[in-house]
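All remarks here apply to the structure that follows.
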Amino acid sequence: MSFCKRIVATVVALSLMVAGAGCGESSSWAVKYQDYTLNSGMFIFYQTQAYSEATTILTEADKELDLKDTKLIKTMSVENTDITEWINDKATENMRIFLAVNEKFDTLGLELDAQAKSDIKEQNDSIWSYYSKMYEKNGIGKDTVKQIVEFDYKQRAVFNHYYNKGGEFEYSDEDILSYLEGNYSRVKYIKLNLKDGSSAELDDAGKKEIRKMADGYAERIKKGENIDDLIKEYNDYYDKLVSDAAAATATGDNAVMDEADLTAETVTEAPVTTVSSESGESSVSENSDAEQSVTEAAAESEAPATEPVSSDTEVGQAVTTAVSETLSSDVTTASVEINTEESTEETDPYANENMIFKGSEKDGYNPSKVINDSVFNDCTVNGDPVVVEDEENLAVYVIERYDVRERKDFLEDDARESILWEILEEEFKDKALEWVPDDAIKKNSRSYRRYDPFDIDYS
């Protein structure tokens, strides 16, 4: 997700959190620090983020927990603390970080350039045009929305001041490369699908042919063929298979036919690479009983589509996701988006590459657990391609792994900042909390009593 998109996502998430009541005069502000004042709209925003974090912790401990049962949730504890108290404490902590960033931005004499100011205004105006009615009825003004947008830009500037090139705590190139080497694998792969052109699972014979195809691709790579060419070859084959199936459906030609006829029809149009059992050499087979079996495009996204928010729990999770992405850029615990974007002006030297993060139960596995495990345990850097089957997701992968340290582009500009934030986010936030300790802020007890996180209306 790009930086600007993260800002919009963060503030749009704010539209999900408002409700309850407008701010009365006595409870119009929540926290003060030096000359800085945070209003209650900001407090409600951070309450909602904290609510989502709390419910995530609870569901990790009890997968069957019904998050719609707010009466039950309200009686529970998080990390041995009453949940309401925990939420308010977490919201206060996040407001302290907000205050620390703003105070440090000012004392360091940092400034937002003309482009940043223009972007902030444009984003604020756009967001306000869509959500002003919702904000206003809940006592949240346009200036509060602007502060949310502006905070991300200021946080980015303060972070870079300390950790990027020339900073007081500068992270060296070697440190970044070592982190990448220990946590990421740089790979290209051909994903061959174990479904037909209509996305139906293949029978055993069809799967056997796809496995032969995968072995054939691996042999061709070993003999010197470029995996990029083979990725295109497979994608072209897949595209034709799917388009033929779609055309048949559209014209009514996909009436029930026996499997042998369907297979024969497909094979004549899409030859499949296999390996000779005698010589081990790759070849193009003419006809085979299951070569219609290739399915889903290799380029198809592994991630499930985003679904509309339909419950309090889902709203909270959406808010946490949006807010937690503040400054965390294109690098995620799933993959590095920046690696696969193609330049519109010049050839991408890293086309078809994926930077895959070493998965865990907490962070998940990309593209799946079996493939992630194989990438880190079976594939060797600059070694022979490895063929791995993902039975659960009906695909066979041919994977090549490369040297992460050769990706010097991660040492520059936005990519460097992204990696640094991934490595140092928690350290930076800890420093921010040290800059503004809890006893240095003044909390408005009226606001803390009035705004109960369980009274927030997510409708």
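The values are calculated or read from the model by the stated rules, or taken from the named source; none is laboratory data. Owing to the predicted nature of the structure, the values given are computational and were not obtained by experimental measurement. Positions of Cβ are backbone-derived with ideal geometry, glycine not excepted, and every protein chain shown enters the neighbour counts.
Conditions first: (1) crowded, with 20+ Cβ neighbours inside 10 Å; (2) in contact with a Gly (Cβ under 9 Å, 6 or more places away or on another chain). ASN124 passes all but one, so which condition is the exception?
(2)
If VAL187 passes every condition in (1) in a helix (DSSP H, G or I); (2) modelled with pLDDT of 90 or more; (3) in contact with a Lys or Arg (Cβ under 6 Å, 6 or more places away or on another chain) but one, which one does it miss?
Failed condition: (1).
Condition first: in a helix (DSSP H, G or I) and not aliphatic (A, V, I, L, M). Now tell me which residues in the stretch 37-54 satisfy that.
SER40, GLY41, PHE43, PHE45, TYR46, GLN47, THR48, GLN49, TYR51, SER52, GLU53
Got a sec? Which of ILE419, ILE423 is crowded, with 20+ Cβ neighbours inside 10 Å, modelled with pLDDT of 95 or more and under 23 Å from TYR153 (Cβ atoms)?
The conditions single out ILE419.
Do we have LYS362 as surrounded by fewer than 19 Cβ atoms within 10 Å (Cβ to Cβ), among the basic types (Lys, Arg), under 21 Å from the mean Cα position of the chain (by Cα) and at pLDDT 95 or above here?
The answer is no for LYS362.
If I filter the stretch 236-255 down to residues being of a type outside the set (Gly, Ala, Ser), surrounded by fewer than 16 Cβ atoms within 10 Å (Cβ to Cβ) and assigned to a helix (DSSP H, G or I), which single residue comes out as modelled with the lowest pLDDT?
Going through the qualifying residues, I end up with THR251.
Which residue out of ASP414, ASP373, ASP439, ASP430 is in contact with a helix residue (DSSP H, G or I) (Cβ under 9 Å, 6 or more places away or on another chain) and either in a loop (DSSP other than H, G, I, E, B) or surrounded by fewer than 17 Cβ atoms within 10 Å (Cβ to Cβ) (or both)? Explain how you work it out, then say what you get.
Numbers: ASP373 fails: in contact with a helix residue (DSSP H, G or I) (Cβ under 9 Å, 6 or more places away or on another chain); ASP439 fails: in contact with a helix residue (DSSP H, G or I) (Cβ under 9 Å, 6 or more places away or on another chain); ASP430 fails: in contact with a helix residue (DSSP H, G or I) (Cβ under 9 Å, 6 or more places away or on another chain).
Exactly one of ASP414, ASP373, ASP439, ASP430 is in contact with a helix residue (DSSP H, G or I) (Cβ under 9 Å, 6 or more places away or on another chain) and either in a loop (DSSP other than H, G, I, E, B) or surrounded by fewer than 17 Cβ atoms within 10 Å (Cβ to Cβ) (or both), namely ASP414.
Can you tell me which residue among LYS90, LYS133, LYS71, LYS117 is in a helix (DSSP H, G or I), out of contact with any Lys or Arg (no Cβ under 9 Å at 6 or more places or on another chain), within 16 Å of TYR451 (Cα to Cα) and not aromatic (Phe, Trp, Tyr)?
Selected residue: LYS90, the only one of LYS90, LYS133, LYS71, LYS117 that is in a helix (DSSP H, G or I), out of contact with any Lys or Arg (no Cβ under 9 Å at 6 or more places or on another chain), within 16 Å of TYR451 (Cα to Cα) and not aromatic (Phe, Trp, Tyr).
Does ALA214 satisfy being crowded, with 16+ Cβ neighbours inside 10 Å, part of a helix (DSSP H, G or I), more than 25 Å from the chain's Cα centre (by Cα) and at pLDDT 95 or above?
yes
The rows are residues; the columns are (1) touching a residue at least 24 places away in the same chain (Cβ under 8 Å); (2) over 28 Å from ASP173 (Cα atoms); (3) in contact with a His (Cβ under 9 Å, 6 or more places away or on another chain); (4) of a type in the set (S, T, N, Q).
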residue	(1), (2), (3), (4)
GLU353	yes, no, no, no
PHE357	yes, no, no, no
ASN377	no, no, no, yes
PRO385	yes, yes, no, no
ASP390	no, yes, no, no
GLU412	no, no, no, no
ARG416	yes, no, no, no
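Determine if the stretch 401-423 includes at least one residue that is closer than 30 Å to GLU209 by Cα and basic (Lys, Arg). Explain how you work it out, then say what you get.
Taking the stretch 401-423 and keeping what is closer than 30 Å to GLU209 by Cα, we get 401-402.
Now drop any that are not basic (Lys, Arg), which leaves 401.
Within the stretch 401-423, one or more residues are closer than 30 Å to GLU209 by Cα and basic (Lys, Arg).
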